[in-house]
Amino acid sequence: MVPVSFDHIPDIRLIACDMDGTLLDDAHAIHDDFWPLVEALHARGIKFCPASGRQYYNLVERFGPIADTLTFIAENGTFVVDAGRELSADCLTQTVAHELVRVARTTHSAGANIGVVLCGKHSAYIERSDDAFYREAAQYYHRLAQVEDLCAVEDEFLKVAIYDFVSSEQFSAPAFAHFGATHQVVISGQHWLDVMAAGVNKGTAIRHIQESLRITPEQTMVFGDFLNDLEMMDQARYSFAMANAHPLLKERARYLSPSNTDNGVVRTIKSVLKI
């Protein structure tokens, strides 16, 4: 697939990009061509913003020496940090966090093969201790603590994440659907479901950044592949769904990008901005 190009160079000031299935290839790696591209973007005064369901500390680790130059949307929009400075944090109440944990425990006891991650500002926490679940959680949470009782943890809770070993869309989503009346319930991957405060998503996080930096949607480019990227598409004139994206995201985006395994994000940015 050939990347989109235009007969003009858009005045882009902000590029927000999902990680898994988007910037990362199927081995969860960042393409070597990305690093010089970010330097070129910064030279043009363009902010690059990883926008992920991953933990903030996980993202900082992934971007290493350039982390202090980036704006991060972490935990599916509940935590936004610009160059090490917190821009916004939208937390669950402790009561709701504990209720979500109890529902997860009941669902697991009823036979669903799921595990719960309680996502705090300072760390993520798990009760389930088997290697299979720990390996999955550790991919996305750099600070991860195993505890005996999640309801005894002291922290500010950004979200509760459910890992479903079979299908989050088929099995976990129905179990937590009733929280959707008062909270944001989003299928963030084939195996992940996130529950957050009402009205919080990657789109609202991008709006916080735009307002803080005085950037318009017409100056914004976004990339995504799954259902937790839907609202992000609405905050940018230049919205791209990956070729490997969920069908609903392709309907919401204005443009298509080559797939994550075809270095689609980097190639599209270079094509659009003539880098």
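Bear in mind that the values in this text are calculations on the coordinates, not laboratory data. Keep in mind it's a predicted model, so treat the numbers as computed, not measured. Note: ideal-geometry Cβ built from the backbone for every residue, glycine included; neighbour counts use all protein chains shown.
For the peptides 111-124, 168-181, residues were scored by their other Cβ atoms within 10 Å and the scores averaged per peptide; the highest-first order is 111-124, 168-181.
Here's how it looks for residue 124: its modeled amide H is under 5 Å from those of 143, 144, 145, which are all 5 or more places away or on a different chain.
Rounded to the nearest 20 debye, the dipole size of region 121-190 about its Cα centre is 260 debye, using +1 on the Cβ of Lys and Arg and -1 on the Cβ of Asp and Glu. A straight Cα-to-Cα reach below 29 Å connects residue 121 with the lysines 47, 159, 202, residues fewer than 8 places away in its own chain not being considered. Taking square-rooted eigenvalues a ≥ b ≥ c of the alpha carbon gyration tensor, is region 94-196 rounded, prolate or oblate, where a/c under 1.5 means rounded and, failing that, a/b exceeding b/c means prolate? Rounded, since a/c falls under 1.5.
Approximating the spin labels as points 7 Å out from Cα along Cα→Cβ, the residue 61-to-residue 237 distance works out to 3.9 nm. A straight Cα-to-Cα reach below 13 Å connects residue 270 with the aspartates and glutamates 33, 39, residues fewer than 8 places away in its own chain not being considered. Distances between placed amide hydrogens fall under 5 Å for residue 71 paired with 48, 83, all partners being 5 or more residues away or on another chain. Phi angles of region 3-17 translate, via the Karplus equation with coefficients 6.51, -1.76, 1.60 and θ = phi - 60°, into HN-Hα couplings of x, 5, 9, 10, 7, 9, 9, x, 7, 7, 10, 9, 10, 10, 9 Hz per residue; Gly and Pro are given as x. The slack between residue 134 and residue 214, meaning 0.36 nm per residue of separation minus the straight C-alpha distance, is 24.7 nm. With the simple model of a label 7 Å out from the Cα in the direction of the Cβ, residue 270 to residue 198 spans 4.7 nm.
In this structure, residue 169 and residue 95 have a Cβ-Cβ separation that, at R0 = 30 Å, corresponds to a calculated FRET efficiency of about 0.65.
Look at the Cα gyration tensor of the chain: its axes a ≥ b ≥ c give a/c of at least 1.5 with a/b over b/c, and that counts as prolate. By the rule of a C-alpha distance below 15 Å, with chain neighbours fewer than 8 residues away ignored, the aspartates and glutamates paired with residue 250 are 18, 225, 229, 231, 234.
Taking a point 7 Å out from the Cα of residue 177 in the direction of its Cβ, the residues of region 67-111 whose backbone N falls within less than 18 Å of it are 103-104, 107-108.
Between the Cα long axis of helix 94-109 and the first principal axis of the chain there is an angle of about 70°, rounded to the nearest 10. Under the simplified labelling scheme, the residue 147-residue 27 pair shows an inter-label distance of 3.7 nm, with each label point 7 Å from Cα along Cα→Cβ.
Near residue 223, the amide H atoms lying under 5 Å from its own belong to 16, 17, 18, 240; only residues 5 or more places off or on other chains count, and H is placed 1.01 Å from N.
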